[in-house]
Amino acid sequence: RRMSSILPELTKEEAIEITKIYSISGLLGKDTGLVTTRPFRSPHHTSSTVAMIGGGSIPRPGEVTLAHHGVLFLDELPEFATNTLQALRQPLEDKKVRLVRVDGLYTFPCDFQLLAAANPCPCGFCGDPDHLCTCTPTRIDTYQSKIGGPLMDRIDIVCDVVRPSSTKVIEGDRGLTSKEMRQLVISGREYRRWREEKQSKGDQRAVFEEGAQRLFERYARGLSLGGRSIARVSRVARTVADLEPHELVTKDDLSEAVA
C-alpha cells in the first residue's frame, strides 16, 4: 500500500486520464474534482476475469484499467483463477485492453505497476528454518505452478521475503522513508531521461561494460534464460545502473538484477 507514495506525483495529463476512467466507471462523487493521487487497487482473489480485465454486456473498465498510472496489488497470487492470471499477460505487454463487441471495439488503457505476493506453499512454511512444512513436494509444485511460467516471465523482479526478526519489529527498526525512496525514484528517472536524450543525439555506446556483457552471456547460458527473460534482466540491470547512477551497466548492477 506504500508503493504509490514512492512514485512521482501525477502530471496534469495523467490526473485527467485517471479522472476520466473513474468517471465512466461511476466511482467519482458529484463534488469530486480531479484525481490527484495514484490509484491503488487490490482485488480479492475470487475476482472474475471480467472484473479484472474489463467487459460485460455494457463494457466497463476492469481492475487493470482502474489501476492505470498506479499500482495493482494481487495478494495470495496462486489463489486467483488460472484463466484470470493468464488474461493479465497481454495487458502487461500492451498497456491496453481491447474488447471486441457486436457494436464495436473498446480500448481501455492499463499502464500500471503490478505487485504480487504469494506463500511458498499451501501451509506457508516451505523453506522456513523455524517451522516444519507439512506439504508434499507434489502439492508444493502444484501450488506454485498455478501462477504459470508465461506470467512469471512478465514479472521483472521476484524475491523471497523471510520472516523479520521479532526484535527488529518490536524495537521499530527503521529503514528508508517513503520520502527518501521517492527522491531516489525521481533521481533515477531524471538520469534515465538525460541518458536517453544523449543517446538520441548520436552517442550509441554499448549498454553494458565489456566485462559485464561477457558475464551476462555466462548467466544466460548457465540459467538457460529465454529471450523475454534476458530482456527483463537487462531492464532491471539498467534501472539499477540509473539509480547509482552509471552510464554503462556494471558487473555489480547485472549481478544484482540476476539475483
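What percentages make up the Cα-Cα pair-distance distribution of the chain when the bins are 5 Å wide from 0?
Reading upward from the zero bin: 1, 5, 9, 12, 15, 16, 16, 12, 8, 4, 1, 0, 0.
List the lysines whose Cα lies under 21 Å from the Cα of LYS168, skipping any in the same chain that are fewer than 8 positions away.
none
Highest GNM mean-square fluctuation, the chain, Cα pairs closer than 10 Å: which of SER42, SER145, SER234?
For the chain, modelled as a Gaussian network with Cα springs under 10 Å, the answer is SER145.
Determine the principal axes of the Cα atoms in segment 6-97, then give the extent along each, sorted from largest to smallest and rounded to whole angstroms.
Result, largest extent first: 38, 34, 23 Å.
Of the cross-linked pairs LYS20/LYS95; LYS146/LYS251; LYS12/LYS95, which ones have a Cα-Cα span greater than 23 Å in the structure shown? Before the final figure, lay out each step's value.
On the way: LYS20/LYS95 17 Å; LYS146/LYS251 34 Å; LYS12/LYS95 20 Å.
Beyond 23 Å: LYS146/LYS251.
Can you give me the Cα centroid spacing of segment 59-114 and segment 153-188 in angstrom?
27 Å
What is the spin-label model distance, in nm, from ARG89 to LYS12 if the labels are put 7 Å beyond Cα along the C-beta direction?
Taking the two extended label points, one gets 4.2 nm.
Considering only protein heavy atoms and a probe of 1.4 Å, how much of the accessible area of segment 93-248 is carbon and sulfur, as a whole percent? It would help to have the intermediate numbers written out before the result.
Values: 5830 of 10980 Å².
Reported share for carbon and sulfur atoms: 53 percent.
The values are calculated or read from the model by the stated rules, or taken from the named source; none is laboratory data. Small disclaimer: the values here were computed from a predicted structure and weren't measured. Methodologically, a virtual Cβ is constructed for each residue, glycine included, from the backbone with ideal geometry; neighbour enumeration extends over all protein chains shown. Areas reflect the complete protein model, heavy atoms only, side chains present, ligands, DNA and RNA absent. Shrake-Rupley method; radii C 1.70, N 1.55, O 1.52, S 1.80 Å.
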